[in-house]
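A short write-up of the structure that comes next.
The values are calculated or read from the model by the stated rules, or taken from the named source; none is laboratory data. Here the structure is a predicted model, which is why all the values come from computation and not from measurement. Backbone-built Cβ (ideal geometry, glycine too); neighbour counts: all protein chains shown. Quick note on the areas: whole protein, heavy atoms, side chains included, nothing else; ligands and nucleic acids left out. Shrake-Rupley method; radii C 1.70, N 1.55, O 1.52, S 1.80 Å.
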Amino acid sequence: MAKYVYDFSEGSKDQKDLLGGKGANLAEMTRLGLPVPPGFTITTEACRRFRETGELPAELRVEVTMALRRLEDALGRSLGDFHDPLLVSVRSGAKFSMPGMMETVLNIGLNDASVQGLIKFSGDDRFAWDSYRRLIQMFGKTVLDIDGDLFAAALDAKKAARGVTADTDLPASDLEELVDEFKAIVRRESGREFPQHPREQLDLAITAVFGSWDTERARLYRRRERIPNDLGTAVNVVSMVFGNLGADSGTGVCFTRDPATGKPGVYGDYLPNAQGEDVVAGIRNTLTLADLERLDAASYAELRQAMRSLETHYRDLCDIEFTIERGRLWMLQTRVGKRTAAAAFRIATQLVDEHLITLDEALERVTGAQLSKLMFPQFDAAAERDLLATGMAASPGAAVGRAVFDSATAVERRAAGEDVVLVRRETNPDDLGGMIAAVGVLTSRGGKTSHAAVVARGMGTTCVVGAERLDVDVVGRRFTVGDRVVNEGDVIAIDGSSGEIFLGAVPVVPSPVVRYLEEGLDAALAEAQDDDTAELVEAVHRVLTHADVVRRLRVHANADTPDDARRARTWGAQGIGLCRTEHMFLGERRVLIERLVLAADDADRQAALDALLPLQRSDFVQILAEMDGLPTTIRLIDPPLHEFLPDLTELSVRVAVATERQERGDDVDAAELERDRVLLGAVRRMHEANPMLGLRGVRLGIVVPGLFALQIRAVAEAVAERLRAGGQPHAEIMVPLAASVMELHLVRDEAERILAEVAVQEGVELRIPIGAMIELPRAALTAERMAGVAEFFSFGTNDLTQTTWGFSRDDVEGAFFAEYTERGVLSVSPFETLDASGVGRLVRIAVEEGRAARPDLGLGVCGEHGGDPESVRFFHDVGLDYVSCSPFRVPVARLEAGRATVTDPSSDTR
């Protein structure tokens, strides 16, 4: 039979799953001999039973009775006794801290009779009536679901009548009257009397705390923090100690180090003559712990010793709640404290220097998400800001620039030295030039995996998408938000971390961590404005360097240009895991794609290919030069060709208008009109209802003669050129969207022929591996056969997620992801964090079967998930060789790869 109740003397800090965080830590402090008020914990298992059945387990009542009697015997008092009453608090305590999300009730056991006993015990009738009114107020709001404002209004009215502003200035007589008023509110609002039986109070409070696990605010918090809904909360029943017994009593919260900066020292707040919730509620201005030392030196000294003991025991920053009752210190709670990203890195390295933890443990104490926060510039929160609207935060950072509404203007203004923010309804590949030129991208449509979002993240450009309140008028070169108009050239600011859009400039605070990554440690330390900044930079350097030493996973970057490749290498990338060649066909080169599509015969097609070859070769030569000595995986063209052609609707309108003008006898360029008509025919032929599942990737290379051959030859000739120049190129060719091993055979046969030709022509030995991008379920499920042809696999988890879930990643986030998250279908977008049980299973199958067929098969991932902290851990566990992500996420991936190693039980570092 399950055991539902544990005395504090029975548990430990390692039982958070069962006792919750608060209960486990109360038990641990009890074991350490610290002054903890006696009590017991009702387990999370009891909560789960309650959630399943809607009732408390029958045996729980018996176990609570037994624990309560042990508590009464130990203290020599009885719950709600008329002469010397035992009072208890009932507090929530889940495995993961959820501050303020669930319920607490203090002073359980007070009633009309026991309040007289409390007066006799304390010798303070004001204290007793104050405690009783607190119980009715908290019980009414928490247990009986009465509007808390009704109690607050009655309290305010009493203070106004007395002419005071603080609760502590009300005399006992007023508080006694308030008790009667509060009981009347309970009677009127709930239809029942305030319960006088102490055990009924206790049972109802326990039920209410269990029920608070499923309140809307608790659910919302768990969604935000990715805490599972099925964990449940524990309940802690703790004998009351009172900080509101007079000037020699009080309550406070303290930290063993500053949670904002990480500085060692004494940090906290203290409130004399108060109970615990008063500090949090802010009903009075608190004192510092230095003030406590002046008021009660003995209690202060005991508290400092307890703080040191707890930090030494937990070997981390501790958050502590305490009460002083008539000069006696009581420890009410401790936990490993939450901290800012900067504090996390500083504290981790401080503890290493103090020989409390190892560097491996320091690496465990920080996260990629924290490092990411330190890398992106942020707006100065103290600055005056004019908020226009809020969209979806797609790519972190802070960007200020003049609004522009097309790519060409962005490029033009950037060339003139202006910072611009590109504003579009949505972006497409044609906007890439403008996106590169812009300091930020803002769209009124799309989600976090839209084109704008994915490309901006890849470039490290600040981006806000899906700002639906914006009415973007590209023709009129303006956007409106209600009756407010922003014209082209007006300065706007966008926050890629919050999704906020401001009118006018907002000051930006630069990141010293980015300076370190780009310029090195010595330069960053030299530029540090203060010791805190220098300490932070050095802490990041130490932890990140250690991650590089211990990690098994290599970290590559997704990079399409020489600048991207240079940045990636500077930020620690060990290669390029994805070089997208389609971006090389935009801009001035798109006319050559049109020539390829419109070719009337083989000669015309070959002429277009011949014109593209030197351009592609030059692209690859530059990228291979930047990545000299490191692997560079070049993906053959993936998107459908129609993406490089004019928009069907726009071209149709242009042809129709020109035709009408020609028929009216207007002067029209007949040759241009005829060309547009031919082009329109080609665009219509190539138009697809669902192009993401149409003629793209390997299918395009097989169907369009010479297209893949052009790219393969360009890669081969680029490698040869670099070899002749004394370089060490390590190019790899990746075939996209392959679903059949025969597709790979066709491409590989052609590639081997071309590589052999170029090797002979150039007089060099070419060793260029050919692999497959695994982005379709069928490819993963037939990995054993695919590995017979492919020398490496790279998982394209964007498309693999899309095709596994049946989602259109450009549509679903705005369409229904919010409701899916609200209703618990999704806890996080599968395009942000890998779906380990579905998509991850396909990856695992492909890894196991691919390696079984080819033991030396190279394995990597090049989707967006390659830089996601949670996903990196999965890729480590499944046995990939590397992850590849945008250059700006390389440091995060390096850190998380190191963390995955030091937390892996099979790792040599453990």
Members of region 1-37 found to be assigned to a helix (DSSP H, G or I), among the acidic types (Asp, Glu) and over 14 Å from VAL336 (Cβ atoms), listed by number
GLU10, ASP17
Anything in region 770-781 that is open to solvent by less than 30 Å² (accessible area, probe 1.4 Å) and more than 16 Å from PHE708 (Cβ to Cβ)? List them, or say none.
ILE774, GLU775, LEU776, ALA779, ALA780
Please tell me if ASP130 is touching a Lys or Arg at 6+ places or on another chain (Cβ under 6 Å) and either in a helix (DSSP H, G or I) or of a type in the set (A, V, I, L, M, F, W, C) (or both).
no
Go through region 93-112 and give me each residue that's over 11 Å from SER239 (Cα atoms), open to solvent by less than 40 Å² (accessible area, probe 1.4 Å) and modelled with pLDDT of 95 or more.
LEU110, ASN111
Across region 21-39, which residue is most open to solvent (accessible area, probe 1.4 Å) among those that are over 31 Å from the mean Cα position of the chain (by Cα) and aliphatic (A, V, I, L, M)?
LEU32
Residue, most open to solvent (accessible area, probe 1.4 Å), within region 40-72, restricted to residues that are closer than 22 Å to LEU332 by Cβ, in a helix (DSSP H, G or I) and not small (Gly, Ala, Ser):
ARG70
Test result for GLY250, open to solvent by less than 20 Å² (accessible area, probe 1.4 Å) and under 39 Å from the mean Cα position of the chain (by Cα):
yes
Step by step: first the residues of region 815-855, then only those that are in contact (Cβ under 8 Å) with a residue 60 or more places away in the chain and in a loop (DSSP other than H, G, I, E, B), then the one that is most open to solvent (accessible area, probe 1.4 Å). Which residue is that?
SER827
Residues in region 856-887 that are in contact with a Cys (Cβ under 9 Å, 6 or more places away or on another chain) and assigned to a helix (DSSP H, G or I) total 5
Can you find, within region 288-336, the residue that is modelled with the lowest pLDDT among those that are farther than 30 Å from ASP360 by Cα and among the β-branched types (Val, Ile, Thr)?
THR288
Which of the residues that make up region 285-294 are buried (at least 16 other Cβ atoms within 10 Å of the Cβ), assigned to a helix (DSSP H, G or I) and either in contact with a strand residue (DSSP E or B) (Cβ under 6 Å, 6 or more places away or on another chain) or not acidic (Asp, Glu) (or both)?
LEU289, LEU292
Could you count how many residues in region 726-748 are free of Cβ contacts under 8 Å to residues at least 12 places away in the same chain and aliphatic (A, V, I, L, M)?
1
Looking only at region 139-178, and only at residues there that are in contact (Cβ under 8 Å) with a residue 60 or more places away in the chain and part of a helix (DSSP H, G or I), the one that is most open to solvent (accessible area, probe 1.4 Å)
THR168
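Matching residues to (1) in contact (Cβ under 8 Å) with a residue 12 or more places away in the chain; (2) open to solvent by 20 Å² or more (accessible area, probe 1.4 Å); (3) more than 14 Å from THR427 (Cα to Cα); (4) more than 19 Å from the chain's Cα centre (by Cα):
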site	(1), (2), (3), (4)
ARG457	yes, yes, no, no
VAL464	yes, no, no, no
LEU470	yes, no, yes, yes
VAL486	yes, no, yes, yes
SER497	yes, yes, yes, no
PHE502	yes, no, yes, yes
(1) over 23 Å from GLN196 (Cβ atoms); (2) without any contact (Cβ under 8 Å) to a residue 40 or more places away in the chain; (3) more than 41 Å from the chain's Cα centre (by Cα): which one isn't true of GLU55, the others all being true?
(3)
When residues of region 553-598 are limited to those that are out of contact with any helix residue (DSSP H, G or I) (no Cβ under 7 Å at 6 or more places or on another chain) and free of Cβ contacts under 8 Å to residues at least 40 places away in the same chain, the one most open to solvent (accessible area, probe 1.4 Å):
GLU588
Could you look through region 309-364, keep only residues that are of a type in the set (Lys, Arg) and within 27 Å of GLY20 (Cβ to Cβ), and pick out the one that is surrounded by the most Cβ atoms within 10 Å (Cβ to Cβ)?
ARG339
Given the conditions (1) open to solvent by 20 Å² or more (accessible area, probe 1.4 Å); (2) part of a loop (DSSP other than H, G, I, E, B), report the number of the one that ARG605 does not fulfil.
(2)
Enumerate the pairs (first residue in region 773-800 and modelled with pLDDT under 95; second residue anywhere and open to solvent by 10 Å² or more (accessible area, probe 1.4 Å)) with beta-carbon separation below 8 Å, excluding pairs fewer than 6 apart on the same chain, so at least 6 apart or on different chains.
ASN798/VAL454; ASN798/ARG809; ASN798/GLU864; ASP799/MET692; ASP799/LEU776
Out of all the residues in region 737-769, which are open to solvent by 10 Å² or more (accessible area, probe 1.4 Å) and among the small types (Gly, Ala, Ser)?
ALA739, SER740, ALA756, ALA759, GLY763
Kindly establish whether VAL655 is within 16 Å of HIS687 (Cβ to Cβ), open to solvent by less than 30 Å² (accessible area, probe 1.4 Å) and part of a helix (DSSP H, G or I).
yes
Given (1) of a type in the set (A, V, I, L, M); (2) closer than 28 Å to SER884 by Cβ; (3) in a loop (DSSP other than H, G, I, E, B), where does LEU544 come up short, assuming only one miss?
(3)
Would a scan of region 897-904 turn up a residue that is out of contact with any Phe, Trp or Tyr (no Cβ under 9 Å at 6 or more places or on another chain), at pLDDT 95 or above and open to solvent by 30 Å² or more (accessible area, probe 1.4 Å)?
yes
Applying the selection to region 65-121, what residues are within 25 Å of LYS141 (Cβ to Cβ) and among the hydroxyl-bearing types (Ser, Thr, Tyr)?
SER89, SER92, SER97, THR104, SER114
